[in-house]
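K.L.:
Take this structure first; my questions come after.
The values are calculated or read from the model by the stated rules, or taken from the named source; none is laboratory data. As the structure is a computational prediction, the values presented were derived from the model and not from experiment. Here Cβ is always computed from backbone atoms with ideal geometry, including for glycine, and neighbour counts include all displayed protein chains. Note: accessible area is taken over every heavy atom of the protein model, side chains too, but ligands, DNA and RNA are not part of it. Shrake-Rupley method; radii C 1.70, N 1.55, O 1.52, S 1.80 Å.
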Amino acid sequence: ILDLDLALREERPELPAVDNSHEVKDKYDKWERANRMCLMVMHRTMSEAIRGGVPESENASQFLEFVKEKFVESEKADTGTQMTSLTNMHYNGNGNVREHIIKM
C-alpha cells in the first residue's frame, strides 16, 4: 500500500518491450499494480450513486478527474436548489430570522 499513490503521482509508463531491462519492466509492473489498487479502493469506497454517474476508466488519475467533474456539476445543482429554497422562504414571525433560516 505504500506505493499506492504511484499511479496518481506519475504518468503511465510506456509498455516495456521484450528486450527492455528488468528495472524498466519492474517500474511498469509497479505502476500497473498501483493503478489497479487505486481504482479498486476508489470503487469500493464511493457510493453507488456517484459511481454510476462516472464513466469507467482504466487510469486512476483520469477516474479522479471524472469524479471531480461530476462533483462540480452536482455542487452547482445543489446551490441552485438552496437558492430557490431561500428565495421562496417566508418568515413566520416566531423567534429571529437567523434561527428561522437555520431550521429550514
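K.L.:
Say we join alpha carbon atoms closer than 10 Å with springs in a Gaussian network model of the chain; which of VAL67, VAL18, VAL54 then has the biggest fluctuation?
P.N.:
Largest GNM mean-square fluctuation: VAL18.
K.L.:
Grab every C-alpha pair in the range 6-103, bin the distances at 5 angstrom width from 0 up to the longest one, and report whole percents.
P.N.:
2, 11, 15, 13, 10, 9, 8, 8, 7, 5, 4, 3, 2, 2, 1, 0, 0
K.L.:
Which whole-number percent gives the relative contact order of the range 6-103, counting Cα pairs below 8 Å spaced six or more residues apart? Kindly include the intermediate steps, with their values, before the conclusion.
P.N.:
Working: 46 pairs, mean separation 21.0, N = 98.
This gives 21 percent for the range 6-103.
K.L.:
Who wins for biggest fluctuation among HIS22, HIS90, HIS43 in a Gaussian network model of the chain, springs between alpha carbons below 10 Å?
P.N.:
Its mean-square fluctuation being the largest, the pick is HIS90.
K.L.:
Report, to the nearest 10°, how far helix 22-45 tilts away from the longest principal axis of the Cα atoms in the chain, using its own Cα long axis and a range of 0 to 90°.
P.N.:
Result, in degrees: 20.
K.L.:
If the only charges are +1 at each Lys and Arg Cβ and -1 at each Asp and Glu Cβ, what is the size of the charge dipole of the chain around the Cα centre, to the nearest 20 debye?
P.N.:
For the chain, the charge dipole is close to 580 debye.
K.L.:
Rounded to a whole number, what % of the accessible area of the chain do carbon and sulfur atoms account for, probe 1.4 Å?
P.N.:
Using a 1.4 Å probe with all protein chains present, the chain comes out at 55 percent carbon and sulfur.
K.L.:
While we're on this one: Give me the 1.4 Å probe accessible area per residue for the chain, excluding ligands and nucleic acids, in Å².
P.N.:
81
K.L.:
Could you state the angle between the C-alpha long axis of helix 60-88 and the longest principal axis of the C-alpha atoms of the chain, as a value from 0 to 90 degrees rounded to the nearest 10?
P.N.:
Roughly 0 degrees between the two axes.
K.L.:
For n ≥ 4 DSSP H runs only, could you compute -39500 (n - 2.57) per run for the chain, divide by its residues and tell me the 222 nm figure to the nearest 500?
P.N.:
-21500 deg cm²/dmol
K.L.:
Projecting each Cα onto the charge dipole of the chain (Lys/Arg +1, Asp/Glu -1 at the beta carbon, about the Cα centre), which of GLN62, THR84, TRP31 comes out farthest on the positive side?
P.N.:
THR84
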